[in-house]
Each structure stands twice: as structure tokens, then as C-alpha cells.
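Engineer: Quick one: the structure is below, and I'll ask about it shortly.
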Protein chains: 2
Amino acid sequence: MKQANYQWLLDYSKTTAYYESMLGLLHWDQRTYLPEGGRAHRSEQIGEMASLLHRRATDPQLAEILAEAHTRKTRGEDITDEAVNLREWKRIHDRATKISERLAVALARAASQGELAWGKTKEENDWKGFLPHLEEIVALKQEEAQALSAGGKELYDALIDDFEQGETAGKIEPLFTKLEGALFTLLEKIEASPRKPDPAALRGACPPAAQEAFIREVIGGLGYDFQAGRMDFSAHPFTSAIGPGDVRITTRFSHDSFVMGLFSSIHEAGHALYARGLPVEHWGTPRGSSVSMAIHESQSRLWENMVGKSVGFWRRFYPAACRHFPWLGKTGQDQFLLAVNEVCPSPIRTEADEVTYNLHIIMRFKLERMLIGGELRARELPEAWDSEMDRYFHLRPKNYSEGVMQDIHWSSGAFGYFPSYGLGNMYAAQFFAKAQKELGDLQKMFAAGDFWPLLGWLRKNIHSQGSRLLPRDLVRTATGEQLQADYLIGYLEGKYGKAYGLR
Amino acid sequence: MKQANYQWLLDYSKTTAYYESMLGLLHWDQRTYLPEGGRAHRSEQIGEMASLLHRRATDPQLAEILAEAHTRKTRGEDITDEAVNLREWKRIHDRATKISERLAVALARAASQGELAWGKTKEENDWKGFLPHLEEIVALKQEEAQALSAGGKELYDALIDDFEQGETAGKIEPLFTKLEGALFTLLEKIEASPRKPDPAALRGACPPAAQEAFIREVIGGLGYDFQAGRMDFSAHPFTSAIGPGDVRITTRFSHDSFVMGLFSSIHEAGHALYARGLPVEHWGTPRGSSVSMAIHESQSRLWENMVGKSVGFWRRFYPAACRHFPWLGKTGQDQFLLAVNEVCPSPIRTEADEVTYNLHIIMRFKLERMLIGGELRARELPEAWDSEMDRYFHLRPKNYSEGVMQDIHWSSGAFGYFPSYGLGNMYAAQFFAKAQKELGDLQKMFAAGDFWPLLGWLRKNIHSQGSRLLPRDLVRTATGEQLQADYLIGYLEGKYGKAYGLR
């Protein structure tokens, strides 16, 4: 295409990205420091910005220039930056033109209001207060899915596609089914094992200041740059990439254990490392943007679990942990590590171990698929939730807050997001195996405090790629193989087989 | 005008106000939590938003509709809300059309960059590092003033007019000259008085947590609503009205005295009380907006000084202060109050007493008038500054940071703002005298913790008026008299004559 037109598109994309990063700040502030009296106004601000962004995405001049751009090649390893950008710009434009401005604004407002209502009603275990918000959001998301889907396909697919380009429930299902089977078997063996970690090993006085200091030491050591970010507190931790040199995370603390706050922070730091590894020279264009939420979650979950719950990591950080939490020293490193990796069904996803975590995801995948498909109504959700919890974990949540209302996602309209965690775990295991193969003994490096080789590998093979390759192409290029559940299954069987002394 | 057109203008104005409130959040964050790595990006974000706002202000459809609107009456006590809005919309539109988008964006960017550079270079006493930013800003502000001024008038007037509609340096000068003369005489008498406060009475251990608790108690007692605001920290305290229920202030602490942080906080709370008292049903339109920075400063300075440094106020809060700072009890309330009201020339404006404060303002008024007029160059400023400091206070700043670089204003392009503080003090004294006349013994009310009558008076006569009346009309309507220096002079002579036992 004409250079002048491409330049126009680049400038247009960057300006849009600046507006999006303002929206990012509105969200960050909503979740960290917004006073109660400012909530209604915030939802309106977000609505106005959504309206502006929608008008930009559907701008007739943009449509005209994009229509002129013919790109023969939209995929493949040798794709040019220009072709990547055009592919994604067209996709964003196509999606936006299918949605009316009214709907775009209604969705943004309802999401902001829903999320704020969730925070309040969850605290009060008030399902009835939350339900009208959820019903509104589900209806709007169904309307959105209807507008987006070409017809014939599942409505839910249109929502997944927003987070995972090209994925569908039908393509994800066999991966999840295979994973589920293997996990049930593994979980059964673990539960039958006579070896039991002592969860008391993790409990002791954890003053917030000590937790914060330890977290800063850890994530700083992993490569999180506090000069280009910050750590605040929020009910549901998140990462906010406001600018290339401004990638913020939030955390939350438990009073009697530091591990929840720690792993949550490492998780967010993993997201942040990805965001910071994106090619800054392409900032504001698809080439410089993250490619999908599964790839994003692959990074956060990799650092949280494959690094943060590994032997090598704790060789490096156990002494520091004992410095911050002196009572820890009594337990000994091995017992501590076993307790960190305890596999035990829990009602709460974010506190779940690596094995049961994926079952939480698969369960949510099923429920939201039915919800968007209209086979399940929002008001029937608590019952369906409890019945799935029973089926998967033989557990019954003691209230709505630790049951159906525990996650922020649905309140803010993020239906179709949960599969990204499961896919992300598979991507992570496959990346990690490949990195290990190429770099050598990662645990030894971790024990020496040497996390840079792994980060370097991820930067080169994943982060710096931006949206160049779609996720399933990216994993093939980076690892030489198709995405598969086997790496995750193998990793979990190996690690927990050893930890629990299974045959 | 046609109802449909007026409705269009109302909607347009509100949408613009939402964008402006996003800009407000960008600025708030820049001054509180922005990590260093995010600075360049922030300046770009602000530039993009300035560009959007400029395009909106100069929109051809807006111009067309405004041109059709004939308003016979633009001033007077019986003006309608519609006429107020049309008057201000036309004014904003007229100003914006005189400025190119390029200049609007350059100004916004340079202001953000200049302010960030100021924070850093001030800390390092690095005048040379700051100078290029200041030179750029001065040149841009001169260009802006040139574009705005009709020709013939002083360039500086065009900048004053941005903060104080209708004011000019020529109209302000006689007020300041009268004030200056009276203050020199008063200051001489005070310096000759044998009565000397003991500044040591204010010094003692002031742990930040105690300062914060005390400030929250005080400004909460004055009417600041923490449910509709918050208090954070910043190098230069400010108030940010992000939304009608979200008016935030910042503060800063000194380690060995709590009074700086306290009075600074009361000052900002005064701004916030004004913002919160604006008529919320007119939010997003001029009728619901503050009318000028002098009126804004009249509110902050009134609460800070006429309330916060009064006998009645300390009857109420001295016991609380002694609870938070036990060493305070040794001094006794009278000695403490005298020390709080010590008159003593200081190099720092924000730490100046009520008497010398106005001289700081008058000095800055003169300097920036010359700077914008081209009679003084930015690089000559330190010498001019020191010579004025010597003339006014017989003081020599010990470095740039407490001299010419002490204020944030010039770094962010706020030339023409300083007079608003001086005018604000005059408005405040005139309002306060009238409120006292109507309400009775305010000091007695303060002593009883009863600040609502005063706040109610201000809400009714000032806050709820929004931009209905221009400042000099507002003061006439509220007090029955023209703006004059005499009330401020009378207030200062009365208060300090008594405190220092002058004849």
C-alpha cells in the first residue's frame, strides 16, 4: 500500500493507543484509589472513552484506507510488520463495525458499574444485590456475541475470540477434556498418598510491611523494574500497562500467610515482564502489542508456578523469607517447599494449587459457555456452581463470596476469558520445557539467583514477537510443536509425582 | 435559541467535561504515583488529550450553533443559566480558535515536561537543567498571549484573563500598590514590636502517622468529605476535582513541625469545599463550574488563614493537637497561637505568614509581567529574583530551590496565576467580613466546632453560584461592595495589631 496511507494508519493507531492508555489509567484508579463518591462519575468517564474509541475504530476514513490495503500474506513466520499491523487493524475494525456505538458504550458502562457493584456485594455476600448487574452484563454480552458472530457458530466463540484470536470452544474442548482426565487421575493418586504436607508450615505472623519488603525483593530479583512500574493494593490483583515505561501491578495480603500475596505478586509481575518485553519501537501498533490473553497468562502462570514454586527458586529466596518471617526457619526448606506445593481442593480459584487450578478453569469454561449460550440463566448460577464444585472437588462453598461471586471476571463482562488461563498453563508448560532444553539446568540458575537466561529466552521468543504470530503459530515457532496438553500434564505428573512420592 | 440547539450544546459541554476530567486524572497521577519511567508517555498522553480538547473547542458545528445564539444579557444578577453558559461557551470557543492546534498541544506537552523537569531539577538545585524548559515555556506562553490578545494591550493580560476573566495587570496594579504600602507599614511596626513569638513552640517530634491523623480530624471537622475524596502526598500540594463526588487533595509533611502540612491541607480542603459546593445539577457546564482562580484561592486562603489561624479554631483543635503531639501541651494555647501567627519574612512563599505572603505575590506579579512582556529574560530571572527578595524582605535565598525555583507555577506554564492569590486574599477578607456581619460571632462558633454556618454562607453566596457572575460582580452581589484592598488591610492590621500589641 501507499507509504503515506500506511503512515496515516500508524499515526492513527498510536493516537488510539494513547486514548486506550488513558482508559487504562481510569481502570487502574477505579481499582486502587477511587473514592466511593466518584464511582458513578467513573463509569460515565469510561463510557465516554469507550464511545470515543468506538467512533475511532469505525471511522469512515479508516475504513476507506483499510479497504485499499491488500495484504496477500497475513500469517507465517516471514510476515512483515506492515502485514501484521494491517491484519490486526482490519480485525479490530471489522469487529467494531459490527457493534453499535450504543452497545459499545452500554457494555463499557455496565462493566464498570458491574465491577464496582461486585466489589461491594461480594464483601457483603449479597448475591441478590449483584444479580441485576450480572443479568444486565450477560444480556449485553449475548447481544455483542450475536452482533459479532457470523451465525451458525456458538455465540460464546465470538467472546473467546476477543481474547484468543482464532480459538473456539470446540477447539478448546478436546484439550480441556484430555487435561481434565489426566488431572482427575493425578489428583486421586495424590489424595491417596500417605505423604501429607503440613499447611501449618506456612502460617505465622506476616506483618504487611514484611510482606511488601519480601515481595519487592523477589519480583525485583525476577526482573520487575520499579522505576518503570509500581505496586499498589486492590481487592483483585491486576496488571495495568499504562505506557511502555509504566507497567503497574497490584497485590493483596493475607494476615496469617505471606504466600498468597507473594504468588499473586509474582503472577502479576509475570504479566508485567511480558508487557515490558514488548518491542517499544512498535508501541501503539499491533506489532508491539500482546497477542492474546492466553499468552499473557502463560507468562504470569509460568513465573508464578514453574519458577515461583520450584526448588531452585526457594534455594535462592528461602533465606530471604526467613529474614522477613523469622518463624519460618523452624520448618526447614524441604517441608516448606512441600507445603507451598500442597495439592488440596479449595473453593477459591486464585488460591488453588497447580493441579486443581485447571479444574477450576474447566468448570468456569463450561458454566460461562452455557450462560452465554442461554442454557443457563444468571439466577440459576449459584446452584449450578455448587453442583460443579461438588462434582469436581466434593466441596461446598460456605457462602456466595467464596463461591459463585469469587471472581471479578463476569462482573466486568469478561466472558470468554477463563479458557485463557487453561490455555495459558499449557503454553507455559510447553515454553518452559523448550527453554529448559535450550538453556540447560534452570533450577541451578534459579538457585544462583540467575533468572535472566529464562527472561531473555522469553523476551526473544515470546515478548518481542508482539502480535506478529497468532498464539498457536507462536508456540509452533518457539517450540517446534503444536499446542498440546501433554507438556502441562507431563510437568504436573513429574513434579507432583516426585513431591508426593507417587509411582 | 432553539431548545434542540441548546440541548446539543449542553451535551457537547458535558462530554468535553468528561474528557477534561480524564485530563485531571492524568495530572493527578503525574503528581502522585507516576513512576519515573512513565513520564515521557504521560506528557504524550496529555498532549493527545489537549489536542482532542482543542479540536472540540474549535469544532465547526459548535461554531455554527454558537454563532446563531444571540444573548442580549451576559451579566447582571438576573442572568439566566442559559445566558451564563452561552457567555462562557463563546468565550472558550473564541479563545480556542485564536490558538492553533499545534500550539495547544505544544503548550500541554511542554507544561507536563516542564513540571516533571522542575520536580527533578529543584531537588538537585539545578537551575541550568531547568532553564531550557523554562525558556521553552515562556516562548510558548508569549506566542499564546500574542495569539489571544487583540493587540495594543499588554501580552501578560491575555494570560491573566485565562484565570481571571476581565482582569488586567493595569486593573490589578492599583489594588496591589495600595496593599503593598499598607503591608510595608504594618511589617515595620511588627518588626519593631518587643513582643516576639517563640518559633520553638511549634517544633517537636511529628511522626507522619500522627500528622495524617490530625489533619484528617481537622479537615473532616471543617466539612471535607473523605467518601468523596482522598488525601495523598505530592511535592507541591494541589486539589484535583476529578468528578462531582471525587475531589482529591494532596499534602506534604515536614519532619519537625506539623503546621506546614496542616495549613497546606486546610488550604487544599478549602479548594475542595468550593469544588464540592458547585451545583452538581449543572456539572459539566459553565454554570456549574468555578468562576476564577481568585475566587478559588479566596476559598482556600480563607479556610487556611482566617479560619485555620484564628483563636476560635484553636480553641476547638488545640486539645486534639496535644493528643497527637504531646510535647505541644508544654507551651500553652496562647503562646502556640502567637507562634502560629508569627510574622517573619521567609524566602518561601508557601511558608509565609499572612502579612508577607501578599508581598511574595506582588513580587511574582511584577517579575512574570516583565518576563512575558519581554523586559526580562528567563536566564536573568535568578538575579532579578534575588534583587526583589532583598528589596521586599532583606533576604537572600541560599540556593535556587528555595529561591527562583521554589514554585511549580512557571514550570507548568501557569503565568498570570500568581495575581489570583493576591486577589483571592482580598476577596476572602471581604467575604469573611460580610459572613461575620450576617452570621454573628464566628470565633465562638469555631470554638464550638461549628464550621457549618460559615460553610453554608459560602455555599449559598459563592459556591452554588458557579460561573453565574464574574468575580467582581460576585463580590458586589455577595457583599454589597466593590472589590477593595481595604478589607484585607483592615483584617491584617486588626489581627496582627492585637497579636503584636501595636498601637
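The values are calculated or read from the model by the stated rules, or taken from the named source; none is laboratory data. Quick caveat: nothing in here was measured; it's all calculated off a predicted structure. Glycine also receives a Cβ, built like all others from the backbone with ideal geometry; neighbour counts cover every protein chain displayed.
Engineer: Of everything in the range B:238-291, what is out of contact with any strand residue (DSSP E or B) (no Cβ under 7 Å at 6 or more places or on another chain), among the small types (Gly, Ala, Ser) and within 23 Å of B:Gln165 (Cα to Cα)? Give them in sequence order.
Structural biologist: Matches in the range B:238-291: B:Gly270, B:Gly277, B:Gly284, B:Gly288, B:Ser289, B:Ser290.
Engineer: Also, I was wondering about something else. Among the residues of the range A:48-75 satisfying the criterion of being in contact (Cβ under 8 Å) with a residue 60 or more places away in the chain, not charged (D, E, K, R) and not in a helix (DSSP H, G or I), which is surrounded by the fewest Cβ atoms within 10 Å (Cβ to Cβ)? Reasoning before the result, please.
Structural biologist: Step one: of the range A:48-75, the residues in contact (Cβ under 8 Å) with a residue 60 or more places away in the chain are A:65, A:68-70, A:75.
Cutting the leftovers down to not charged (D, E, K, R) gives us A:65, A:69-70.
The next check asks that each one be not in a helix (DSSP H, G or I); those that pass are A:69-70.
Values: A:Ala69: 18, A:His70: 7.
Per the stated criteria, the residue is A:His70.
Engineer: With (1) touching a residue at least 12 places away in the same chain (Cβ under 8 Å); (2) under 26 Å from the mean Cα position of the chain (by Cα); (3) in a helix (DSSP H, G or I) as the list, and A:Asp94 as the residue in question, which single condition is left unmet?
Structural biologist: Looking at each condition in turn, A:Asp94 falls short on (1).
Engineer: Of A:Leu492, A:Leu469, which residue is surrounded by 19 or more Cβ atoms within 10 Å (Cβ to Cβ), under 14 Å from A:Leu302 (Cα atoms) and touching a residue at least 12 places away in the same chain (Cβ under 8 Å)?
Structural biologist: A:Leu492
Engineer: Filter the range B:307-341 for residues that are touching a helix residue (DSSP H, G or I) at 6+ places or on another chain (Cβ under 7 Å), farther than 19 Å from B:His267 by Cβ and assigned to a loop (DSSP other than H, G, I, E, B) and give the result.
Structural biologist: Answer for the range B:307-341, where residues must be touching a helix residue (DSSP H, G or I) at 6+ places or on another chain (Cβ under 7 Å), farther than 19 Å from B:His267 by Cβ and assigned to a loop (DSSP other than H, G, I, E, B): B:Phe325, B:Thr331.
This table checks each residue for (1) at pLDDT below 95; (2) over 21 Å from the mean Cα position of the chain (by Cα); (3) not in a helix (DSSP H, G or I).
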{"position": "A:Met445", "(1), (2), (3)": "no, yes, no"}
{"position": "A:Leu454", "(1), (2), (3)": "no, no, no"}
{"position": "A:Arg459", "(1), (2), (3)": "no, no, no"}
{"position": "A:Arg468", "(1), (2), (3)": "no, no, yes"}
{"position": "A:Ala478", "(1), (2), (3)": "no, no, no"}
{"position": "A:Glu481", "(1), (2), (3)": "no, yes, yes"}
{"position": "A:Gln484", "(1), (2), (3)": "no, no, yes"}
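Engineer: Further, regarding this structure: Only one of these conditions is not met by B:Glu212: (1) surrounded by fewer than 21 Cβ atoms within 10 Å (Cβ to Cβ); (2) under 20 Å from the mean Cα position of the chain (by Cα). Which number is it?
Structural biologist: (2)
Engineer: Out of the range B:31-42, which residues are within 10 Å of chain A (Cβ to nearest Cβ), part of a helix (DSSP H, G or I) and of a type outside the set (Asp, Glu)?
Structural biologist: Selection gives B:Thr32, B:Gly37, B:Gly38, B:Arg39, B:Ala40, B:His41, B:Arg42.
Engineer: Also: Of the conditions (1) in a loop (DSSP other than H, G, I, E, B); (2) crowded, with 23+ Cβ neighbours inside 10 Å, B:Leu302 fails just one. Which one is it?
Structural biologist: (1)
Engineer: Can you name the residue in the range B:348-387 that is surrounded by fewer than 17 Cβ atoms within 10 Å (Cβ to Cβ) and among the hydrophobic types (A, V, I, L, M, F, W, C) and, of all such residues, is farthest from B:Ala428 (Cα to Cα)?
Structural biologist: This residue is B:Met370.
Engineer: Residues being among the aromatic types (Phe, Trp, Tyr) and without any contact (Cβ under 8 Å) to a residue 24 or more places away in the chain: count how many of those fall in the range A:224-266.
Structural biologist: Of all residues in the range A:224-266, those among the aromatic types (Phe, Trp, Tyr) come to A:224, A:226, A:233, A:238, A:253, A:258, A:263.
Of the ones still in play, those that are also without any contact (Cβ under 8 Å) to a residue 24 or more places away in the chain are A:226.
Going through the range A:224-266 one residue at a time, the tally reaches 1.
Engineer: Residues of the range B:1-30 being under 17 Å from B:Thr239 (Cα atoms), more than 7 Å from chain A (Cβ to nearest Cβ) and touching a helix residue (DSSP H, G or I) at 6+ places or on another chain (Cβ under 8 Å), which ones?
Structural biologist: B:Glu20, B:Leu23, B:His27, B:Gln30
Engineer: To continue, here is another question. Take the conditions away from chain A (no Cβ under 13 Å) and modelled with pLDDT under 95 and apply them to B:Thr74. Does it pass? Break it down into steps so the answer makes sense when it comes.
Structural biologist: On the way: away from chain A (no Cβ under 13 Å): yes; modelled with pLDDT under 95: yes.
Judged against the criteria, B:Thr74 is a match.
Engineer: For the structure I just gave you, tell me whether A:Tyr33 is surrounded by 17 or more Cβ atoms within 10 Å (Cβ to Cβ), over 19 Å from A:Asp162 (Cβ atoms) and modelled with pLDDT of 95 or more.
Structural biologist: Judged against the criteria, A:Tyr33 is a match.
Engineer: Within the range B:206-259, count every residue that is among the hydrophobic types (A, V, I, L, M, F, W, C), assigned to a strand (DSSP E or B) and either facing chain A (nearest Cβ under 10 Å) or under 20 Å from B:His324 (Cβ atoms) (or both). Steps first, please.
Structural biologist: If we filter the range B:206-259 for residues that are among the hydrophobic types (A, V, I, L, M, F, W, C), which is where we start, we get B:206, B:209-210, B:213-215, B:218-219, B:222, B:226, B:228, B:231, B:233, B:235, B:238, B:241-242, B:247, B:249, B:253, B:258-259.
Narrowing the set further to residues that are assigned to a strand (DSSP E or B) leaves B:231, B:233, B:241-242, B:247, B:249.
The next check asks that each one be either facing chain A (nearest Cβ under 10 Å) or under 20 Å from B:His324 (Cβ atoms) (or both); those that pass are B:231, B:233, B:242, B:247, B:249.
Going through the range B:206-259 one residue at a time, the tally reaches 5.
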